[in-house]
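So the structure is just underneath, and the comments pick up after that.
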Amino acid sequence: MRGTPGTFVAGWHSFRAAVLTVRAGFGMSDAEAARSVALARQALELETADGVTAHPHVPATLHRWPWPLAPGPWPLWTVLAVAGMPTVSLVEAGRGEEFRRVLREAGPAADAVERDGKEASTPGLAALGYAMTLVVLALYAWRRKLRDVGAPASL
C-alpha cells in the first residue's frame with residue numbers, strides 16, 4: 001500500500017506513524033535496535049501532534065504500557081495485541097509489578113475472548129499465555145530450589 005497525504009488508517013491520526021510503528025516493531029533486526037527506537041519515537045511524535053492521543057500500538061512499541069487505554073474505539077483485538085506485545089519482555093526483564101498490572105487490566109478481556117469465542121488478536125492472546133507460562137515455570141523452579149536447600153514447603 002502506498003500512502004498519500006490523504007491516506008487514512010482507522011484508529012490512527014497519522015498514516016506515516018502507523019507505517020513507522022510497524023517497521024519499528026517488526027521490520028528491524030536486533031542489530032538495528034537503536035534505529036527501531038528512533039523510528040518508534042518519530043511515530044509517537046507524529047501520532048501525538050496537536051495534542052491528540054496516540055494509537056495504543058505506538059507507546060507499546062516503545063515498551064511503554066499504555067494502560068489504561070485512552071478512550072477510543074479500540075477493538076478487542078487491538079487491546080489484546082497491545083497487551084501481548086510487552087508481556088514477555090516484562091517477564092524476561094523481571095519487571096513483575098508492571099507485568100501484574102498488564103494482567104489485571106487485560107486479563108478480563110482475554111478471559112472473555114476465550115470464554116465467549118470472540119474475534120481477537122491470536123498473537124496477543126498467545127503472548128499473554130506464554131508470559132504467564134514463563135511466570136509459572138519460574139515459580140516452580142524457585143519452589144524446587146527452596147525444597148532442595150531444605151526450606152519449609154509453606155514458602
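The values are calculated or read from the model by the stated rules, or taken from the named source; none is laboratory data. None of these values were measured; they are calculated from a predicted model. Note that each Cβ is placed from the backbone with ideal geometry, even for glycine, and that neighbours are counted across all protein chains shown. Just the protein is used for accessible areas: all its heavy atoms, side chains included, with ligands, DNA and RNA removed. Shrake-Rupley method; radii C 1.70, N 1.55, O 1.52, S 1.80 Å.
At-a-glance table
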{"read-out": "Degrees, to the nearest 10: 15-26 long Cα axis against longest axis of the chain", "value": "30"}
{"read-out": "Solvent exposure of the chain as accessible area per residue, Å², 1.4 Å probe", "value": "63"}
{"read-out": "List F26, F99, F15, ordered by accessible area with a 1.4 Å probe, largest first", "value": "F26, F15, F99"}
{"read-out": "Computed E for A93/M28 - FRET, C-beta separation, R0 22 angstrom, nearest 0.05", "value": "0.65"}
{"read-out": "Residue-averaged [θ]222 nm for the chain, counting only DSSP H segments that reach four residues, each worth -39500 (n - 2.57)", "value": "-21000 deg cm²/dmol"}
{"read-out": "The chain, accessible surface, carbon-and-sulfur percent (1.4 angstrom probe)", "value": "58"}
{"read-out": "Max mean-square fluctuation residue, GNM over the chain, Cα-Cα springs under 10 Å, options A81, A18, A112", "value": "A112"}
{"read-out": "Gain in span if fully extended, A10 to A112, counting 0.36 nm per residue against the direct Cα distance", "value": "34.3 nm"}
{"read-out": "For segment 37-51, 3J(HN,Hα) per residue [Karplus equation, 6.51 cos²θ - 1.76 cosθ + 1.60, θ = phi - 60°, Hz, x = Gly/Pro]", "value": "5, 4, 5, 5, 5, 4, 4, 4, 4, 5, 6, 9, 4, 6, x"}
{"read-out": "Spacing of the two label points (7 Å from each Cα toward its C-beta) at R41 and R147, in nm", "value": "4.8"}
{"read-out": "Rounded to 10°, Cα long-axis angle of helix 122-148 versus longest principal axis of the chain", "value": "20"}
{"read-out": "Three-way shape label, the chain, alpha-carbon gyration tensor, a/c 1.5", "value": "prolate"}
